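No lab work stands behind these numbers, since they all come straight from the coordinates. In this text, all values refer to a predicted model and were calculated from it rather than measured experimentally. Quick reminder, even Gly has a Cβ in these numbers, built from the backbone with ideal geometry, and neighbours come from all protein chains shown.
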Amino acid sequence: MVYLIDASVYVFRAYYSLPPDMRDPDGNPVHALYGFGRFLGDLLE
């Protein structure tokens with residue numbers, strides 16, 4: 001099965017819907033990446 005995903009919409013949504021205090025050990029914000037990863041996980045489940 002092949003999925004075609006417009007990722008920019010989901011990354012934008014995750015960036016603005018999750019709290020911005022989610023950071024990696026170097027201090028970089030990862031809330032958009034986390035939200036998009038959750039979306040992909042739910043899609044493949």
> Which whole-Hz ³J(HN,Hα) couplings does the stretch 5-20 yield from phi under the Karplus relation 6.51 cos²θ - 1.76 cosθ + 1.60, θ = phi - 60°, glycine and proline marked x?
Replying inline: 10, 7, 5, 4, 5, 6, 5, 4, 4, 5, 4, 9, 9, 9, x, x
> Of [x] 12.7, 34; [y] 11.6, 37; [z] 15.6, 41, which is the value of Rg and Dmax of the Cα atoms in Å derived from the coordinates here?
Replying inline: [y]
>> Residue by residue through the stretch 35-45, what is 3J(HN,Hα) from phi via Karplus (6.51 cos²θ - 1.76 cosθ + 1.60, θ = phi - 60°)? Round to whole Hz and write x for glycine and proline.
In response: x, 5, x, 5, 4, 4, x, 5, 5, 7, 6
> Got a sec to turn the phi values of the stretch 29-34 into Karplus ³J(HN,Hα) couplings, 6.51 cos²θ - 1.76 cosθ + 1.60 with θ = phi - 60°, whole Hz, x for Gly and Pro?
Replying inline: x, 10, 5, 5, 5, 4
> Based on DSSP H runs of at least 4 residues, each adding -39500 (n - 2.57), what is the mean residue ellipticity at 222 nm of the chain after dividing by all its residues, to the nearest 500 deg cm²/dmol?
Replying inline: -17500 deg cm²/dmol
> Are there chymotrypsin sites (Phe, Trp or Tyr not before Pro) in the chain that DSSP puts in a loop and that have at most 16 other Cβ atoms within 10 Å, and which ones?
Replying inline: Tyr3
>> Give me the net charge for the shell around Val30: Cβ to Cβ below 14 angstrom, other residues only, Lys and Arg +1, Asp and Glu -1.
In response: -1
